[in-house]
Amino acid sequence: MTNTNKPLPSLKAMAESKLMDGVSKQTIFKLDPRIVKVRPGHNGRIKNSGLRAHIDAMKVSMRTAGTAAFPPIDVEVDDGEIFLVDGECRTTAAIELMDEGHDQLYLDARQFRGSEDERIAHMLTSNQGRGFNGLELGHIYLRLRRCGWSIQRICERNGKSDTHVQQMIVLAESPLELQGLLAAEKVGTDAAVAAIQKYGVKRALEILRAMVEKIGGQKKITKTAVLGRAFSRTTVNDVVASLDTFYNRLSKQQ
């Protein structure tokens with residue numbers, strides 16, 4: 001007689017037995033990153049110095065410790081070919097290392113199943129490591145809007161406010177020159193949003209362009225630079241107290 005009370009020896013056995021709630025199984029594959037294809041325009045990343053530094057840091061880690069410490073990439077299979085859904089930086093880092101002479105590397109991979117809009121939305125919640133900047137988010141939000149998603153649905157998916165989503169979409173729809181300043185990290189997201197809110201898109205671009213030219217692009221333009229430095233509460237209180245003293249003395253003199 002089989003002992004049905006015998007402890008199950010592994011998570012695999014627990015998941016396959018279906019006798020224990022709270023344990024399920026997900027299949028992880030090992031993929032050669034060189035066979036993974038990337039659809040043009042799929043990745044929301046902007047290629048700039050920050051992204052390059054992020055990939056280089058991954059390469060250092062992979063060179064010394066392999067790929068085991070990295071989370072799985074997400075892929076989908078379409079007509080017999082493997083396409084990337086999430087994990088382009090990890091994939092790029094591994095391919096570059098092998099091109100530079102490193103031994104064969106494999107990446108853990110999960111198979112994604114979903115519609116085109118779900119594939120786009122997946123980037124918002126699966127992102128590992130370096131977060132998306134404002135312009136990158138704006139383009140992802142804009143793509144979802146064009147797929148029929150409401151602002152509210154995007155907010156619920158990404159855990160952001162409707163104000164945030166709308167502001168990032170404004171950046172994604174701004175003139176290419178302004179987007180270029182953001183992509184080159186010469187203007188910060190908050191600075192661009194503040195300038196647009198205060199001056200409108202056309203005037204904001206003129207002001208931000210002039211600010212970048214003035215400092216030679218050596219520093220990123222910040223919100224404080226656009227709006228001016230706000231006074232601290234202590235400073236405001238001191239000014240108010242000084243004015244009260246001044247007017248009290250003036251009243252006594254009269």
Inset, instruction - Only residues that are modelled with pLDDT of 90 or more and over 12 Å from VAL75 (Cβ atoms): list them for the stretch 35-55, please. - result: LEU51, ARG52, ALA53, HIS54, ILE55
Legend entry - Identity of the residue in the stretch 59-71, assigned to a helix (DSSP H, G or I) and farther than 17 Å from GLY101 by Cβ, that ends up farthest from the chain's Cα centre (by Cα): ALA65
Inset, instruction - Determine which single condition PRO175 fails, assuming it passes every other condition in (1) touching a Leu at 6+ places or on another chain (Cβ under 8 Å); (2) surrounded by 13 or more Cβ atoms within 10 Å (Cβ to Cβ); (3) over 19 Å from ALA225 (Cα atoms). - result: (2)
Inset, instruction - Select, from ASP32, ASP108, the only residue that is out of contact with any Pro (no Cβ under 7 Å at 6 or more places or on another chain) and either acidic (Asp, Glu) or modelled with pLDDT of 95 or more (or both). - result: ASP32
Legend entry - First in the stretch 114-127 and of a type in the set (Asp, Glu), second anywhere and surrounded by 16 or more Cβ atoms within 10 Å (Cβ to Cβ), Cβ under 6 Å, 6 or more apart: none
Inset, instruction - Please go through the stretch 115-160 and pick out each residue that is part of a helix (DSSP H, G or I) and either in contact with a Pro (Cβ under 8 Å, 6 or more places away or on another chain) or among the β-branched types (Val, Ile, Thr) (or both). - result: ILE120, THR125, ILE140, ILE151, ILE154
Inset, instruction - Quick one: in the stretch 56-106, of everything that is of a type in the set (Val, Ile, Thr) and buried (at least 16 other Cβ atoms within 10 Å of the Cβ), which residue is nearest to ILE46 (Cα to Cα)? - result: THR92
Legend entry - Flag for ASP103 being more than 22 Å from HIS122 (Cβ to Cβ) and out of contact with any helix residue (DSSP H, G or I) (no Cβ under 7 Å at 6 or more places or on another chain): yes
Legend entry - Flag for ALA109 being more than 27 Å from LEU142 (Cβ to Cβ), of a type in the set (A, V, I, L, M, F, W, C) and not in a helix (DSSP H, G or I): yes
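The values are calculated or read from the model by the stated rules, or taken from the named source; none is laboratory data. What you see is a predicted model, and the numbers here were worked out from it, not measured in a lab. Please note: Cβ atoms are built from the backbone with ideal geometry, for glycine as well, and neighbour counts cover all protein chains shown.
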